[in-house]
């Protein structure tokens, strides 16, 4: 196998698993959102990695006086399609992050904490209180 | 050379991600996420995705950091020391990661021009030329040399419309969550009261 080979994909998997671990093992809600963000960025890096051609250049066509100097035939361009898809993913990602952080702020206002075990205790206490009422 | 820079940036990304996981000061975590965004933008430039790179810098390092810092101003900056055993999450992560690494062995090697991903519609997007009227040579069908912009705004314009719809929906959602959020916190009984009622029920 050549030197870079699959190394890009392995680092992407490492980043994705760090984000996943932060998401499932940490109780702080902001830390969970950050973990989700890491996970999402790793997917973006994966897609952009697949579009790369070693020795290629950015997919912006080189023009001369007669219009475009050849397409993919004369100049080696990297694949533009993953880039387009990931542009959409980045913007949607920040939209979901804004939504999640707004939810975190509301949870803090309601429960006074953003640690999930403390929130769970309060929810349980509330349920018991309602159950005790006739 | 490209590969060396690529590997160095990936290594820095991995270290930064680990720091994000370990630190408990949330302001430091948000700052590290900003660094992470800049590193990934540098990686995108090396991977020829210049449009993705500047979007990541503007949106990932800029807007996200501001949103996260604004949230931290409202919710506090300390993360509680976690007491739960890390065994089960670690096991899940290792098994998932192991399966994904096993899956990569079926992927084509990185950066090769004959990978299947380069063979479908991508060459057509690069070759969308129409003959220049009355002269030698050709011009682009959509008169923009940047193919990413061409595909985003023209060939896949409906995707971008959908993306804008998602951003609008998120904005409406955030505003809806914040409307009336200045209500006083709900009152609750003290823990001792809860215990007493627990015994009664």
- [ ] Work out the FRET efficiency for residue B:35 and residue A:10 from their Cβ-Cβ distance, taking R0 = 25 Å, and round it to the nearest 0.05.
- [x] 0.70
TODO: Please average, across the residues of B:58-68, the number of beta carbons from any other chain that are within 10 Å of each residue's own beta carbon, and give a whole number.
DONE: 4
TODO: Starting from the Cα gyration tensor of segment B:15-126, multiply each eigenvalue by 5, take the square root, and state the resulting semi-axes largest first in whole Å.
DONE: 33, 24, 10
TODO: For segment B:23-62, just run the numbers: alpha carbon Rg, then divide by 2.2 N^0.38 Å, N being how many residues it has.
DONE: 1.24
- [ ] When you have a sec, figure out the Kirkwood radius of chain A from all distinct Cα pair distances and drop it here in Å to one decimal?
- [x] 18.7 Å
TODO: Rounded to the nearest 500, what is the 222 nm mean residue ellipticity of chain A from helices alone, with -39500 (n - 2.57) per DSSP H run of 4+ residues and division by all residues?
DONE: -24000 deg cm²/dmol
TODO: Can you bin segment A:74-134 into rounded, prolate or oblate? Criterion: square roots of the alpha carbon gyration tensor eigenvalues sorted a ≥ b ≥ c, rounded for a/c under 1.5, prolate for a/b above b/c, oblate for the rest.
DONE: prolate
Open item on the list: Give me the three principal axis extents of segment B:1-80 from the C-alpha atoms, as integers in angstrom, largest value leading.
Closed with: 44, 24, 9
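Bear in mind that the values in this text are calculations on the coordinates, not laboratory data. Note that this is a predicted model, so its numbers are computed, not measured. All Cβ positions, even for glycine, are placed from backbone atoms using ideal geometry, and neighbour counts span all protein chains on display.
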